[in-house]
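Some notes on the structure that comes next.
The values are calculated or read from the model by the stated rules, or taken from the named source; none is laboratory data. Because the structure is predicted, anything quoted here is derived from the model rather than measured. Cβ atoms come from the backbone with ideal geometry, glycine included; neighbour counts cover every protein chain shown.
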Amino acid sequence: MWHDSRVTSSSAAAQRLRDLALLRRVRDRIDREYAQPLDVEALARGANVSAGHLSREFKRAYGESPYSYLMTRRVERAMALLRRGDHSVTEACFAVGFSSLGTFSTRFTELVGMPPSTYRREAANATEGLPACVAKQVTRPIRNREARPTSPNLG
């Protein structure tokens, strides 16, 4: 009897590793193809799983849904374009894969804390003289749920 449970446990562990490898491929695809028209159904088809299964397992592994991860990647890329200053907000929106300026502005504002037009204006000054790799790190968007609560100043 003990032998059977060990085999079952071993095969479950092997299946989990296969699932994690599949999820990593999906995440890598999002990172590579963020500007393409991707949706959860297309990602799931590419991984030969259902959209619901992909969403549940992706969230379990990475803490956010595939859609949310894609939106964050797109906003990060848009931030880089806007920091450079050679793209308008509209150009950055479409360059990173959004099909609606309204959706882009809403998602950008949620993640960054300010509208893209304000970010474009202020980012040029804030990151002036910084290497691009440092500017990217210090301006990385933080989701509201990930932001650390600030303690009130009682002094």
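Candidates are the residues of the range 87-108 that are of a type in the set (Ser, Thr, Tyr) and under 20 Å from Arg121 (Cβ atoms); the one that is farthest from the chain's Cα centre (by Cα) is Ser88.
Listed by position, the helices (runs of 4 or more DSSP H) contained in the range 1-91 that have at least 3 residues being among the aliphatic types (A, V, I, L, M) and within 24 Å of Cys133 (Cα to Cα) are 66-84. Among the residues making up the range 11-26, those that are over 20 Å from Leu38 (Cβ atoms) and either of a type in the set (Lys, Arg) or within 17 Å of the chain's Cα centre (by Cα) (or both) are Arg16, Arg18. Listed by first and then second residue, the pairs linking a residue in the range 12-37 that is loosely packed, with under 12 Cβ neighbours inside 10 Å to a residue that is in a helix (DSSP H, G or I) and of a type in the set (Asp, Glu), with Cβ atoms under 7 Å apart and 6 or more places separating them unless they lie on different chains, form an empty list. Among the conditions (1) in contact with a Ser or Thr (Cβ under 8 Å, 6 or more places away or on another chain); (2) modelled with pLDDT under 90; (3) not aliphatic (A, V, I, L, M), Arg83 misses just one, which is (2). If you go through the range 92-106 and keep only what is within 15 Å of Tyr34 (Cα to Cα) and part of a helix (DSSP H, G or I), you end up with Ala92, Cys93, Phe94, Ala95, Phe104.
Here the range 38-76 is the region considered, the condition is being crowded, with 18+ Cβ neighbours inside 10 Å and of a type in the set (Lys, Arg), and the residue that is nearest to Thr103 (Cα to Cα) is Arg74.
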